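Data first, discussion second: the structure below is written as structure tokens.
The values are calculated or read from the model by the stated rules, or taken from the named source; none is laboratory data. All of these numbers come straight from a predicted model, not from anything done at the bench. So basically every Cβ, Gly included, is an ideal-geometry build from the backbone, and we count neighbours across all protein chains shown.
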């Protein structure tokens, strides 16, 4: 659009669509961050997919690590703390008679994994217990 005034002709542009700063809902941020935590995925690739600057996504990842951004559990990295108990505990002593049995405790539920259990089966059992709890 051209406007004629006392100083000549000026030009005005009207931009259609999103410009400037964007607001990202927390659930979408969490989804993008969770995608960036998947094995073999590069932060810059995920950022480009969503039209972000990689530095921005890295900031969101930092928020997730500090607990300021909640990432959905079903897509979050699967890291769990390992606790080593002393053999003096009666329950552990009873389990320790079976050589190679791994005891996994999730929110009070205990899962005993034997050496002949495949990793896929153990992961499926843990996922099933976690869904119930």
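Things worth noting here:
- Considering the range 31-67, the residues that are out of contact with any helix residue (DSSP H, G or I) (no Cβ under 9 Å at 6 or more places or on another chain) and free of Cβ contacts under 8 Å to residues at least 24 places away in the same chain include one that is nearest to residue 21 (Cα to Cα), namely 51.
- First in the range 112-133 and closer than 14 Å to residue 100 by Cβ, second anywhere and part of a helix (DSSP H, G or I), Cβ under 7 Å, 6 or more apart: 112/95; 113/122
- In the range 99-133, residue modelled with the highest pLDDT [restricted to those that are part of a loop (DSSP other than H, G, I, E, B) and loosely packed, with under 11 Cβ neighbours inside 10 Å]: 116
- Residue in the range 83-96 that is at negative phi, modelled with pLDDT of 75 or more, surrounded by 11 or more Cβ atoms within 10 Å (Cβ to Cβ) and outside the structural domain of residue 34 (by TED's automatic domain parsing) present: no
- Number of the condition not met by residue 11 [criteria: (1) more than 19 Å from the chain's Cα centre (by Cα); (2) surrounded by 11 or more Cβ atoms within 10 Å (Cβ to Cβ); (3) at pLDDT 60 or above]: (2)
- Of the numbered criteria (1) under 25 Å from residue 126 (Cα atoms); (2) at pLDDT below 85; (3) surrounded by 10 or more Cβ atoms within 10 Å (Cβ to Cβ), the one residue 37 fails is (2).
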